[in-house]
1. Inside the stretch 92-113, can you point out the residues that are of a type outside the set (F, W, Y), in contact with a Gly (Cβ under 9 Å, 6 or more places away or on another chain) and modelled with pLDDT under 90?
2. Mind listing just one residue for me: the one in the stretch 65-85 that is acidic (D, E) and modelled with pLDDT of 85 or more and, of those, surrounded by the most Cβ atoms within 10 Å (Cβ to Cβ)?
3. Scan the stretch 152-183 for residues that are under 18 Å from I93 (Cβ atoms) and not in a helix (DSSP H, G or I) and report the count.
4. Filter the stretch 86-108 for residues that are of a type in the set (V, I, T), out of contact with any helix residue (DSSP H, G or I) (no Cβ under 7 Å at 6 or more places or on another chain) and outside any loop (DSSP other than H, G, I, E, B) and give the result.
5. Which of the residues that make up the stretch 136-189 are aromatic (F, W, Y) and surrounded by fewer than 17 Cβ atoms within 10 Å (Cβ to Cβ)?
6. Would a scan of the stretch 114-132 turn up a residue that is in a strand (DSSP E or B), at pLDDT 90 or above and touching a Leu at 6+ places or on another chain (Cβ under 6 Å)?
Amino acid sequence: MPTPTQAEPLPPAEVHDESSVAPPRTLRDRFSPRPRVAWFVAAAAALLLTVGVTTAATSFARPVEPGVVATVPVDPDAKWSDILGERAQGSVIFEDYYGLTFVRSTAFIGPAGPEDGCLLAVSTKGLRSATIDTGFGGFSMGCPAGGFPATVQFVIDDGYPDALRERFPTGTAMKLTMRGNIVEVRVDD
């Protein structure tokens, strides 16, 4: 038995062919600047996380547009008033909405075509009693722009029809968006 101060002899080293032994990996080799799949996966995950957080933060920061409270269809029986000028192809009058009438006309300023007319909001009473001499006192007009549909928006005040002010109080913001043969109504108090 060897004494505690004596070291036990090591077994003889095995001899290997140099081509079968893997070279030792150094710290520098492990963190080489050469791209590796793991680095790409980590970078892609970090990018996706950043995009997700940014998108979520931006969507919470933007105000949400109020929802549609009503849709107003075309009035197939409406008579075209001379005060509106000559009726161009695709021009229509929508049903009365609390004393407002919406008119789509391709003859108004804006792009021509039956689907691209401008939207006009007028007093129903004013439109029905209008003459060339008195006019009809339109409230607002909007035309499409690029991919955006024709839109009219305003804040209801004392100049708007009584029926509209009974339904929506003075100070209510109203947005009208024409989508084909429908006008979508949105309100925001």
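The values are calculated or read from the model by the stated rules, or taken from the named source; none is laboratory data. In this text, all values refer to a predicted model and were calculated from it rather than measured experimentally. Positions of Cβ are backbone-derived with ideal geometry, glycine not excepted, and every protein chain shown enters the neighbour counts.
1. S105, T106, A107, G110, P111, A112, G113 - these are the residues of the stretch 92-113 that are of a type outside the set (F, W, Y), in contact with a Gly (Cβ under 9 Å, 6 or more places away or on another chain) and modelled with pLDDT under 90.
2. Kept after step one, since they are acidic (D, E), are these residues of the stretch 65-85: 65, 75, 77, 82.
In the following step, the residues that additionally are modelled with pLDDT of 85 or more were identified as 75, 77.
Working: D75: 14, D77: 7.
If we take residues in the stretch 65-85 being acidic (D, E) and modelled with pLDDT of 85 or more, then D75 is surrounded by the most Cβ atoms within 10 Å (Cβ to Cβ).
3. Step one: of the stretch 152-183, the residues under 18 Å from I93 (Cβ atoms) are 152, 161, 163-164, 176-183.
Keeping just the survivors that are not in a helix (DSSP H, G or I) gives 152, 161, 176-183.
Total meeting the criteria: 10.
4. We begin by selecting, within the stretch 86-108, every residue of a type in the set (V, I, T); these are 92-93, 101, 103, 106.
Filter again for out of contact with any helix residue (DSSP H, G or I) (no Cβ under 7 Å at 6 or more places or on another chain), leaving 92-93, 106.
Selection gives V92, I93.
5. Within the stretch 136-189, the subset aromatic (F, W, Y) is 136, 139, 148, 154, 160, 168.
Correct list: F148, F154.
6. Yes, the conditions are met somewhere in the stretch 114-132.
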